[in-house]
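*Asks:* My questions all concern the structure below.
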Amino acid sequence: VQLQASGGGLAQAGGSLRLSCAASGRTFSSYAMGWFRQAPGKERMFVATITWSSGNAYYADSVKGRFTISRDRAENTVYLQMNSLKPEDTAVYYCASRGRNDQGLTFPSTYDYWGQGTQVTVSS
């Protein structure tokens, strides 16, 4: 599976950005696709994930109500709509895919494939 993330950039606090992640390869084997982010000097953190077949979405508390994850199965693409952005949302955002159908959707170590990352910077 190859993942290509795009859509990052600079936004003002309160603004919006939309990230995309296009998957190619063995996407039929993906159980879930998610977004993680990593700020300088910090660990990679869970943001949101969505199960590929059923579309069940899960969010980190820090983004709940502001971010929306969705997927387009025909286009093999997952999106992250980010609204009401805050400076603390500044990070490199990574999309990821996992084939495992078990617990641990919020743990980066349970994901098999990763995109290259896209920078999101939110100014105050």
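The values are calculated or read from the model by the stated rules, or taken from the named source; none is laboratory data. Small disclaimer: the values here were computed from a predicted structure and weren't measured. Glycine also receives a Cβ, built like all others from the backbone with ideal geometry; neighbour counts cover every protein chain displayed. Just the protein is used for accessible areas: all its heavy atoms, side chains included, with ligands, DNA and RNA removed. Shrake-Rupley method; radii C 1.70, N 1.55, O 1.52, S 1.80 Å.
*Asks:* Can you work out which of the residues in the stretch 21-45 that are open to solvent by 30 Å² or more (accessible area, probe 1.4 Å) and assigned to a strand (DSSP E or B) is nearest to N83 (Cα to Cα)? Walk me through it before giving the result.
*Replies:* We begin by selecting, within the stretch 21-45, every residue open to solvent by 30 Å² or more (accessible area, probe 1.4 Å); these are 22, 24-26, 28-29, 31, 37-38, 40-45.
Adding the requirement that they be assigned to a strand (DSSP E or B) leaves 22, 24, 37-38, 45.
Values: A22: 21, S24: 27, R37: 16, Q38: 18, M45: 18 Å.
Out of the qualifying residues, it is R37.
*Asks:* Give the residue that is least open to solvent (accessible area, probe 1.4 Å), with candidates limited to residues of the stretch 1-15 that are closer than 17 Å to V78 by Cβ and more than 14 Å from the chain's Cα centre (by Cα).
*Replies:* V1
*Asks:* How many residues are open to solvent by 60 Å² or more (accessible area, probe 1.4 Å), under 14 Å from Y31 (Cβ atoms) and part of a loop (DSSP other than H, G, I, E, B) if we restrict to the stretch 47-78?
*Replies:* 4
*Asks:* If we scan the stretch 94-104, do we find a residue that is touching a strand residue (DSSP E or B) at 6+ places or on another chain (Cβ under 7 Å), at pLDDT 95 or above and closer than 27 Å to S124 by Cα?
*Replies:* For the stretch 94-104, residues touching a strand residue (DSSP E or B) at 6+ places or on another chain (Cβ under 7 Å), at pLDDT 95 or above and closer than 27 Å to S124 by Cα: present.
*Asks:* N76 is checked against (1) modelled with pLDDT of 95 or more; (2) at positive phi and fails just one. What number does that condition carry?
*Replies:* (1)
*Asks:* How about the stretch 91-122: which of its residues are over 11 Å from the mean Cα position of the chain (by Cα), open to solvent by less than 40 Å² (accessible area, probe 1.4 Å) and within 27 Å of G14 (Cβ to Cβ)?
*Replies:* A91, V120, V122
*Asks:* In the stretch 1-40, how many residues are of a type in the set (D, E, K, R) and modelled with pLDDT of 95 or more?
*Replies:* Here the count works out to 2.
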